[in-house]
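Quick notes on the structure that follows.
Quick note: the coordinates plus some simple rules give every number you see, no bench work behind them. Worth saying up front: this structure is predicted, and the values here are computed from it rather than measured. Here the Cβ positions follow ideal geometry from the backbone for every residue, glycine too, while neighbour counts run over all protein chains shown.
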Amino acid sequence: MKTLLVVALLGALLATGAVAQDKPARKDLVLNGDAKCTRCHNEGDEAPVLAIGKTKHGTMADARTPTCTSCHGESDGHVNKPANATERPRPDRTFGKHSKTPMEERSGACLACHQGGNRIQWHMSAHSNRDVACSSCHQIHAARDKVRDKLTQPDTCFTCHKEQRAQVNRPSHHPVIEGKMSCSSCHNVHGGNPKQLVRDSVTETCYTCHMEKRGPFVHNHPPVQEDCAICHQPHGTTLPSMLKARPPFLCQECHSHSSHPSQAGGLPTGRTTSNQMLGSVARGCLNCHTNIHGSNSTQNSATAGRFRR
Amino acid sequence: MGSKRIFKLTALCAALALAWGPALGQEEPSAAELSKPESVVLVGLGYWTDDRPRLGVYDGMQEKGPYFLLDALISRRDDATGTWFTLDARNLGLDSREFRAEWLRQGDIGVSIEYNQIPYASPYTVMTATQGLGTSMQRTPTPSATSLGEWQAGTMREGWSAGFYKSLGGGTDFRVSLKNEHKEGSRLWGRGGAPEFAAEPIDSDTRQLEAVVSHAGKAFQIQAGYYGSSYTNRNSLVDTANINAAGTTLTNPFYLSLPLDNQAHQLYVNGGYNFTERTRGTFKVAYTRATQDEDIPVGTGVAVFSGAPTHLDGRLDTTLAQLGVSSRATSNLSWLASLRYYNADEKTPQYRVVQPAGGCGTCVDTTPLAFKTLSGKLEGTYRLTAGTSLIGGFEYADQDRRVPVGNLNAAGVDQQRYVPWRVELQELTYYVQGRRSLSETLNGSIRYGHSRRDGPDFTLTNEAQSDLINPIHIADRDRDKFRLMLDWSPLQALTLTFNAEYARDEYGHSDARPYGLLEGSATLYSIDAAYSISENWQVSAWYSRDNAKATQLGQRNANAGVATAEAVKEANLEDIGDTFGAGLKGTIAPRLKGGVDLLLSKNVNKYPETITPTGAGGVFPVTGGVTTVPLPDIQNKMTRLKLYASYALQKQTEVRFDYWYDRWQTDDWSWLFANGSTFTYGTTTDGTQVLQAPKQSANFFGVRYISRFQ
């Protein structure tokens, strides 16, 4: 759409005889060497081109910063419309939603400078291999890139991740909609880790904030060490602590032990201390098995290994 | 890819959206103004008319009352040297306050400091007479108390971070960051020894230090770093007991252990090399050692087995090695392949912790765990035409799962095991995806994936009934996933997006091992629409419906104490969510703009369970005149409405008015008895009740003065 508008603007200029070639030489405005483009392109474009000057890309004192053609290509055909062309050709590379530039080439323009650091594994990432280009999420010309602000970043992610959009609005959630965390608190969307996590596994990622679960414990609860997501849905659920299911059903996904662990779900009709009736109400099984992530009790008691101490 | 607005509770969000745009009615700015970094300060007052126990858990505005609103985003750049100073300060008047300040000479050197508070205020009000909640000594009243006081759980995370960056030249950078977070408060807990209320005391610090050297050249990029983290807990043991009205302890203390200090050190190297313009290889290796070797606390008078450890000497070594190659073999064909080895190997010594004097039927040993996973992936993408591509791939994972056995019985079965174990697990996944531009305005993609997980026979537990289950995370499983996406722009001003997703799991089970999850499914439909009514008015809306189902089979034992029959249970659990969001924003008058955001959410959870007796006895347990009834459905409803208007006073100043409405409604029975009365802990002890208002609503009025400058 941006490109179409650009073409339309240029067409209008041409129709009035105000062709680019007739303009006097102009100074660069916001990027080194941008006069080639800013003699025609300005804030009238859908994406205000000059706002890039407010960004790190627009820091002209940094010799590494690009000019327009670093990303869009020399675009000679676009700048100097061939005499036999009925329409002004598009720039060599365009980045809008309806861009015909292949994704690899669009991302390649960014990776020419940004292939290091956390983007080393970009080519192995799910985003890269689903034709998600850098510009699919990033606003290069905007003063503030929405996806780099944790308050507004989820808007961008939820464009595709609809399930997670619904989940973060459930009553038990990480503080994403409150702006205290963002998707990138846990996910490196440029990386090649499983589930594109910031660390090498689910547990390692969760430990960055929940280090008390790391143990090792005297009494380990194996799924805790293996994968927090066996019991928790970190994007949000209707249950406390983002549990995927309610006790006793959650616990009975693994435990078929006789006696009270086999109880059916049920609400007691009155006060009781019977462990046959307390698996659903209040904290459910965790009413007693309260140290469910692991216990450090060395008490010489059979219950020490059952996360009650 | 466009983006759709979602509702944000935080006061700053919508204000920022306005603040970063040019003020209405202002003169056309110069090119210099348009390209110079911009700053904004927002200061104001807000008032919530009522408490918001559920919807205010994280935002620092849970309680009714006035709030001071102050946010500032300062961005200054010295164009001559490329030196930036930025300050991003948010919610300074609230408990959720945070700021980040950075000085950066771009491409050379920089330092930053950050402060961040994350509050969590429990949505429940606890009425209790338990003493010392949230401390290391807690006393539960006996007899059960009737005179209860109000208490609320909650935590505050308070984090400080500092960072340093230096360019070493030639594409090589050095970065170091240090973060310390203190967490204090308490959370709902249980006494463990009896179903009585307690609160876990939380007073801990976590620290993270990461130092990285990165080099990025045209062909070769590498990153080598150290990542260290540590956890310090100021509490290690909680002493609980029952006391009488005179404060005399009536029972031996029941001690609850807490997480102990631990630390981890990781070294890693991450690199990539462009073999050609079309082919790239990547690798990553990392080694982590995590340890926990604190004094294991033992309560006064507690019996400890002579062989039990006083220090765990806990150690978890994690090794990662991965390789990847991606290539665009031809203009139409690209592929990638990867291989990953991940070994989390706990090397904690195996100790005997519990051994009764009379024999070893209930002995308990430590159980150091090890999970070693080798996984690989191969994927290809073929572009049939400019707008049509086909993706196919498969993934394979092989996991070696190890836990030592110690307390063996005569048959060689580990007597302390409660859940069947599987020493190996394999999963094979394959998928295909097609993507096509159906026209200039319509794009679509469809994906199907199937995976099968299985492994060798389970190792047995100490109990025949426990061996009848297929544990969810290691059970045989067939998984099918479908996904359909359509993106249609019928008009230049209108975009519609439609998503449909369906996943189905079937878990392995047999006559010999019939229990556990039998099947599950998840469905999601979502539609988004965005329409530009005019240059000055935009509207967007979206609706999602998701539905997750699970069928779970189990055995319920006969129990003479509560007069229940042996039975087979089948639970058909369901979670249904409907979420609707809408937004309208635009220009009301030349100097006045405004908008409205609405979010409606409804979640229904269903817990039907059939209990089919297979022997003599009752269907539901009965004892002491108390029985249980089947679990009712739970419905949660949420409404969040936000209205705002911003009036441009001058070229760079605005005044902004906000009105928000929050509403929460629930019939959650988690803390209720079957007749709807409040659940009460204990019979002869405790008496604690946990309350949640079933209907909560509040209005917010806010006014802010916004000043922008360069």
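According to the Kirkwood relation over distinct C-alpha pairs, the hydrodynamic radius of region B:358-418 is 16.0 Å. Mean residue ellipticity at 222 nm, helices only, the protein assembly as shown: -2000 deg cm²/dmol; runs of at least 4 DSSP H residues each add -39,500 (n - 2.57), and the sum is divided by the number of residues. Shown here is the pair-distance distribution of region A:187-269: with all Cα-Cα distances grouped in 5 Å bins from zero up to the longest one, the shares run 3, 12, 17, 20, 20, 12, 8, 4, 2, 1, 0 percent.
Spread over its residues, the convex hull of the C-alpha atoms of region B:216-331 is 178 Å³ per residue. Computed over the protein assembly as shown, the Cα gyration tensor eigenvalues convert (square root of 5λ each) into semi-axes of 53, 32, 28 Å, ordered from largest to smallest. The relative contact order of chain B, computed from alpha carbon pairs under 8 Å that lie at least 6 residues apart in sequence, is 10 percent. Semi-axes of the equivalent ellipsoid of region B:149-267 are 48, 14, 10 Å, computed as sqrt(5λ) over the eigenvalues of the C-alpha gyration tensor in descending order. Taking amide H atoms as placed 1.01 Å from N in the peptide plane, the amide H of B:Leu69 lies under 5 Å from those of B:Gly44, B:Leu45, B:Gly46, each 5 or more residues away in sequence or on another chain. In a reduced charge model with +1 at each Lys and Arg Cβ and -1 at each Asp and Glu Cβ, chain A shows a dipole moment near 700 debye about its Cα centre.
Between amide H atoms placed 1.01 Å from N, distances below 5 Å from B:Lys347 occur with B:Arg315, B:Leu316, B:Asp317, all of them 5 or more places distant or on a separate chain. Taking amide hydrogens as placed 1.01 Å from N in the peptide plane, the amide H of A:Thr101 sits under 5 Å from those of A:Thr94, each at least 5 positions away in sequence or on another chain. Axis of helix A:103-114 versus longest Cα principal axis of chain A: the two differ by about 90°, to the nearest ten degrees.
Of the residues B:Asn603, B:Gln208, B:Thr579, the one whose Cα sits farthest toward the positive end of the charge dipole of chain B, with +1 on the Cβ of Lys and Arg and -1 on the Cβ of Asp and Glu, is B:Thr579. The fraction of all Cα pairs in region B:625-710 landing in successive 10 Å bins from 0 to the largest distance is 13, 26, 20, 15, 13, 9, 3, 0, given as whole percents. Helix A:2-15 axis versus longest C-alpha principal axis of chain A: approximately 10°, rounded to the nearest ten.
Across the options A:Ala85, A:Cys68, A:Ser201, the greatest Cα extent toward the positive end of the charge dipole of chain A (unit charges at beta carbon of Lys, Arg, Asp, Glu) belongs to A:Ser201.
Derived scalar couplings between HN and Hα for region B:605-619 equal 10, 10, 10, x, 9, 9, 10, 10, x, 10, x, 7, x, x, 6 Hz in order, rounded to whole Hz, by the Karplus curve 6.51 cos²θ - 1.76 cosθ + 1.60 (θ = phi - 60°), x for Gly and Pro. Value of Rg to Rh for region A:130-169, rounded to two decimals, is 1.01; Kirkwood radius and Rg both from alpha-carbon coordinates. Extents of region A:245-309, largest first, come to 36, 26, 19 Å (Cα atoms, principal axes, whole angstrom).
Computed from Cα atoms alone, the Kirkwood hydrodynamic radius reported for region B:513-571 is 16.0 Å. Rg/Rh, computed from the Cα trace of region B:246-394 with Rh as the Kirkwood radius, has the value 1.28. Projected onto their three principal axes, the Cα atoms of region B:510-614 cover extents of 78, 30, 13 Å, largest first.
Computed with the Debye formula from one identical point scatterer per Cα of region B:632-680, without solvent, the log10 of I(q)/I(0) at q = 0.15, 0.27, 0.28 Å⁻¹ comes to -0.60, -0.96, -0.99. Pairwise alpha-carbon distances in region A:145-244 exceed 16 Å for 60% of all pairs. With only the Cα atoms considered, chain A has a convex hull volume of 170 Å³ per residue.
A Stokes-Einstein calculation at 20 °C with viscosity 1.002 mPa s, built on the Kirkwood radius of region B:243-298 over Cα pairs, returns a diffusion coefficient of 126 µm²/s.
In a simple Cβ point-charge model (Lys, Arg +1; Asp, Glu -1; nothing else charged), region B:579-678 has a dipole of about 740 debye relative to its Cα centre. Using the Cα coordinates of chain B, the gyration tensor eigenvalues translate into equivalent-ellipsoid semi-axes of 47, 37, 31 Å, sorted from longest to shortest. In order along region B:219-224, phi translates into HN-Hα couplings of 9, 10, 10, 8, 9, 10 Hz, rounded to whole numbers, per the Karplus curve 6.51 cos²θ - 1.76 cosθ + 1.60 with θ = phi - 60° and x for Gly and Pro. Taking the Cα centre of region A:145-244 as origin and assigning +1 to Lys and Arg Cβ atoms and -1 to Asp and Glu Cβ atoms, the resulting dipole is close to 180 debye.
Please return the longest range in chain B lying between exposed loop sites, taking trypsin sites (Lys or Arg not before Pro), DSSP loop only, at most 15 other beta-carbon atoms within 10 Å, and leaving the sites out. Counting at most 15 other Cβ atoms within 10 Å as exposed, the longest clean stretch of chain B is B:348-650. Taking every alpha-carbon pair under 8 Å whose residues sit at least 6 apart, region B:359-503 reaches a relative contact order of 20 percent.
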